[in-house]
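> Take a look at this one; I'll ask things after.
The values are calculated or read from the model by the stated rules, or taken from the named source; none is laboratory data. Owing to the predicted nature of the structure, the values given are computational and were not obtained by experimental measurement. Cβ placement follows ideal geometry from the backbone for every residue including glycine, while neighbour counts extend to all protein chains displayed. Remember, those area values only see protein heavy atoms, side chains included, never the ligands or the DNA or RNA. Shrake-Rupley method; radii C 1.70, N 1.55, O 1.52, S 1.80 Å.
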Amino acid sequence: MKLVLICPDSLPCPPIRSGAIELLMARKSPYLAKLGFDVTVLSIQDPMLANKETIHGVRYIRFPKKNYLENVISYVQAESFPVIQVYNKPDWVLPIKQVCFHSRVVLSLHNQVFGSHLEQSELEEIVQAVDHMVAVSQFLADSIARRCPSAKAKITVLYTGDEPSIYTPHYTLQGQRIALEMKKKLGIPADYFVALFVGRLVPKKGCHLLITAMKKVLQQQPRTALVIVGSKWFGNFSENGYVKMLREQAKPISEHIYFTSFLPVYELPDYYTMSDVLICASQWKEPLARVQYEAMTAGIPIITTGRGGNTEIIKHGQNGIVISQYEHPDAFAESMLYMIKNRGKREMMGITNRGLIENCFNFEQYALRIAEVYKRFDLSEGDTHSKVPAS
């Protein structure tokens with residue numbers, strides 16, 4: 001079956017400048033190719049990437065950011081793909097469907113863009129036109145259905161995950177060797193407990209709360225470090241007011257705070273392996289923070305907030321700690337102190353997380369599940385209507 005995956009127009013694929021959507025597309029596509037799908041990925045151009053290439057059996061075609069959608073529509077119309085998957089751009093469904101009316105269009109949703117800038121009548125028209133939708137969390141699926149009840153019968157929830165082979169579990173001997181090497185690289189003393197933050201440095205991600213929490217943690221556990229990986233935007237090394245505020249806030253305890261700025265996705269695994277815990281300080285209703293999967297793959301526990309879909313994969317006391325008082329630095333401090341003082345418990349949480357990735361939340365399993373969604377379409381000769389059952 002010919003299949004085309006259409007990236008949004010913000011980042012290139014593969015994710016040389018990061019991006020959860022682009023990472024998912026690049027990682028799942030080779031598995032789909034192995035399953036017999038003829039896969040084409042469309043994304044914007046980037047100076048670091050060829051405009052056309054084939055990687056692991058997957059065809060990549062990249063168009064200029066300017067007039068990207070027009071180029072995409074012309075291409076998919078000419079190639080006559082039976083299945084077209086559009087990522088996180090609901091308003092692209094109608095113009096694509098209008099010229100590719102025999103194709104089945106799947107809309108993949110990763111945050112609450114559905115309905116954020118569209119009138120109710122437009123939403124209803126999109127839902128009517130699209131053949132199926134895939135959401136990354138139940139929270140997101142439910143929010144879409146509340147906004148547009150007719151969408152409920154067309155939504156499948158598919159959790160993503162990560163690639164076990166790319167990460168070395170923290171609790172293994174090799175993981176401990178990597179941890180020591182990374183600490184030496186960053187200048188962190190070998191016996192320090194390391195808490196990790198990975199994400200965009202914007203207020204809704206909550207990094208400022210962690211720096212405040214560290215001041216309390218250090219009163220009881222002075223051999224602790226907080227590593228902050230991220231920048232104001234994907235692939236951007238410049239600083240805005242919030243980032244400057246974070247650095248100023250960290251000055252009184254600067255010997256315990258380590259900023260790395262932006263790191264490309266292929267450099268991240270060893271940072272997770274080095275760390276004893278990931279802290280996901282989401283202040284907004286996060287659809288489901290991708291960094292949680294990354295930490296799980298490295299076999300470390302997670303401190304997260306009960307916001308949005310985060311708790312669908314993190315269960316309090318089992319594979320992490322869920323904070324209800326997400327706006328209070330003391331709640332993060334108390335959770336960090338618990339992790340520091342309970343090594344056996346945190347290691348068991350990390351082992352549990354690695355097992356969840358190996359058995360459930362990985363890109364190979366995701367490809368198998370999304371393949372079943374594609375196969376729901378009846379593509380028999382003469383049929384011009386999709387037959388997709390309710391999820």
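> Going from the alpha-carbon gyration tensor of segment 207-276, what semi-axes, largest first and in whole Å, does one get by taking the root of 5 times each eigenvalue?
On the way: eigenvalues 92, 58, 12 Å².
Taking √(5λ) for each eigenvalue gives 21, 17, 8 Å, largest first.
> Only sites in a loop by DSSP and with at most 12 other Cβ atoms within 10 Å count here; which GluC sites (Glu not before Pro) in segment 112-183 make the cut? It would help to have the intermediate numbers written out before the result.
Working: sites: Glu119, Glu122, Glu124, Glu125, Glu181; in loops: Glu119.
Answer in residue order: Glu119.
> Check which residues have an amide H placed less than 5 Å from Ile55's amide H, if you skip close sequence neighbours.
Excluding prolines and chain starts, which carry no amide H, the hits are Tyr60.
> Here is a further query. Out of residues 5 or more away from Ser282 or on other chains, whose amide H comes under 5 Å of its own, with H placed 1.01 Å from N in the peptide plane?
Placed amide hydrogens put Thr305 under 5 Å from Ser282.
> Leaving out ligands and nucleic acids, note down the accessible area per residue over segment 1-44 with a 1.4 angstrom probe, in whole Å². Don't skip to the end; give the middle numbers.
Values: 1130 Å² over 44 residues.
Accessible area per residue, segment 1-44: 26 Å².
> P(r) tail for segment 75-211, what percent of Cα pairs lie past 20 Å? Kindly include the intermediate steps, with their values, before the conclusion.
On the way: 5797 of 9316 pairs.
It works out to 62 percent of all Cα pairs.
> Can you list, bin by bin at 5 Å, the percent of alpha carbon pairs in segment 38-136, starting at 0?
Using 5 Å bins, I get a P(r) of 2, 12, 21, 23, 21, 14, 5, 2, 0 for segment 38-136.
> Once you've got the Cα coordinates, tell me which of Lys205/Lys232; Lys28/Lys65; Lys183/Lys315; Lys205/Lys285; Lys183/Lys232 are over 21 Å apart.
Details: Lys205/Lys232 11 Å; Lys28/Lys65 24 Å; Lys183/Lys315 29 Å; Lys205/Lys285 10 Å; Lys183/Lys232 24 Å.
Beyond 21 Å between Cα atoms: Lys28/Lys65; Lys183/Lys315; Lys183/Lys232.
> Among the listed pairs Lys34/Lys89; Lys52/Lys152; Lys52/Lys185; Lys34/Lys204; Lys34/Lys184, which have their C-alpha atoms separated by more than 31 angstrom in this model? If you can, show how the numbers build up before the last one.
Values: Lys34/Lys89 27 Å; Lys52/Lys152 37 Å; Lys52/Lys185 37 Å; Lys34/Lys204 39 Å; Lys34/Lys184 40 Å.
Violating the 31 Å limit, Cα to Cα: Lys52/Lys152; Lys52/Lys185; Lys34/Lys204; Lys34/Lys184.
> If you bin the C-alpha pair distances of segment 131-274 every 10 Å from 0, what whole percents do you get?
The calculated distribution, bin by bin, is 10, 30, 29, 20, 9, 2.
> What nm distance separates the two modelled labels at Glu53 and Glu267, each placed 7 Å from Cα along Cα→Cβ?
Result: 1.9 nm between the two label points.
> May I pose another question? Between Arg147 and Asp330, what is the label-point separation in nm under the 7 Å Cα-to-beta-carbon projection?
If labels sit at Asp330 and Arg147, their model points lie 3.7 nm apart.
> With +1 on each Lys and Arg Cβ and -1 on each Asp and Glu Cβ, and nothing else charged, work out how big the dipole of the chain is about its Cα centre, in Debye to the nearest 20. Let's see the in-between values first.
Values: 44 positive and 37 negative charges, 165 e Å.
Dipole magnitude for the chain comes out near 800 debye.
> If you average 1/r over all unlike Cα pairs in segment 291-368 and invert the result, what Kirkwood radius do you get in angstrom? Walk me through the numbers before you get to the answer.
Numbers: mean 1/r = 0.0778 Å⁻¹.
12.9 Å is the Kirkwood radius here.
> Can you send over the carbon and sulfur percentage of the accessible area for segment 208-346, probe radius 1.4 Å, protein chains only? Don't skip to the answer; put the middle values down first.
Details: 2620 of 5340 Å².
The computed percentage sits at 49.
> Given a Förster distance of 51 angstrom, what is the FRET efficiency for Ala129 paired with Lys34, based on the Cβ-Cβ distance and rounded to 0.05? List each step's numbers first, then the result.
Working: r = 31 Å, r/R0 = 0.61.
Working from the Cβ atoms, E equals 0.95.
> Please identify every one of the chymotrypsin sites (Phe, Trp or Tyr not before Pro) in segment 205-293 that sits in a loop by DSSP and has no more than 14 other beta carbons within 10 Å of its own beta carbon.
Numbers: sites: Trp233, Phe234, Phe237, Tyr242, Tyr258, Phe259, Phe262, Tyr266, Tyr271, Tyr272, Trp284, Tyr293; in loops: Trp233, Phe234, Phe237, Phe262, Trp284.
Sites meeting the loop and neighbour criteria: Phe237.
> So, one more: When the helices in the chain are scored as -39500 (n - 2.57) per DSSP H run of 4 or longer and the sum is shared across all residues, what 222 nm value do you end up with, to the nearest 500 deg cm²/dmol? Could the numbers behind the result be given before it?
Details: 13 runs with 150 residues, N = 391.
Taken over the chain, the calculation gives -12000 deg cm²/dmol.
> Explain nothing, just the number: relative contact order of the chain, from Cα pairs under 8 Å at least 6 residues apart, as a whole percent.
Working: 772 pairs, mean separation 63.4, N = 391.
Value for the chain: 16 percent.
> On a full-extension model of 0.36 nm per residue, what is the gain between Arg343 and Lys65, subtracting their alpha-carbon distance, rounded to one decimal in nm? Kindly include the intermediate steps, with their values, before the conclusion.
Numbers: separation 278, 0.36 × 278 = 100.08 nm, distance 4.85 nm.
Here the segment from Arg343 to Lys65 would lengthen by 95.2 nm.
> With an 8 Å cut-off on Cα pairs and a minimum separation of 6 or more residues, tell me the relative contact order of segment 248-391 in percent. All intermediate terms of the calculation are to be shown ahead of the outcome.
Working: 163 pairs, mean separation 26.3, N = 144.
For segment 248-391, the relative contact order is 18 percent.
> Further question on the same structure: When N counts the residues of segment 172-225, how does its alpha-carbon radius of gyration compare numerically with 2.2 N^0.38 Å, as a ratio?
Working: Rg = 13.2 Å, N = 54, 2.2 N^0.38 = 10.0 Å.
Ratio of Cα Rg to 2.2 N^0.38 Å: 1.32.
> Here's something else I'd like to know. Counting alpha carbon pairs within less than 8 Å and at least 6 residues apart, what relative contact order, in whole percent, applies to segment 193-290? Each step should come with its number before you reach the end.
Working: 140 pairs, mean separation 41.9, N = 98.
That works out to 43 percent.
> Also: Quote the convex hull volume per residue of the chain, based on C-alpha atoms, as a whole number of Å³.
Details: hull volume 54.3 nm³, N = 391.
So the per-residue hull volume is 139 Å³.
> Turning to a different aspect of this structure: Between Glu372 and Cys360, what is the label-to-label distance in nm when each label sits 7 Å out along the Cα-to-Cβ direction?
Modelled inter-label distance: 1.5 nm.
> Let me ask something additional. Do any chymotrypsin sites (Phe, Trp or Tyr not before Pro) in segment 1-107 lie in a loop, going by DSSP, with at most 11 other beta-carbon atoms within 10 Å of their beta carbon, and if so which?
Values: sites: Tyr31, Phe37, Tyr60, Tyr68, Tyr75, Tyr87, Trp92, Phe101; in loops: Phe37, Phe101.
Sparse-neighbourhood loop chymotrypsin sites (Phe, Trp or Tyr not before Pro): Phe101.
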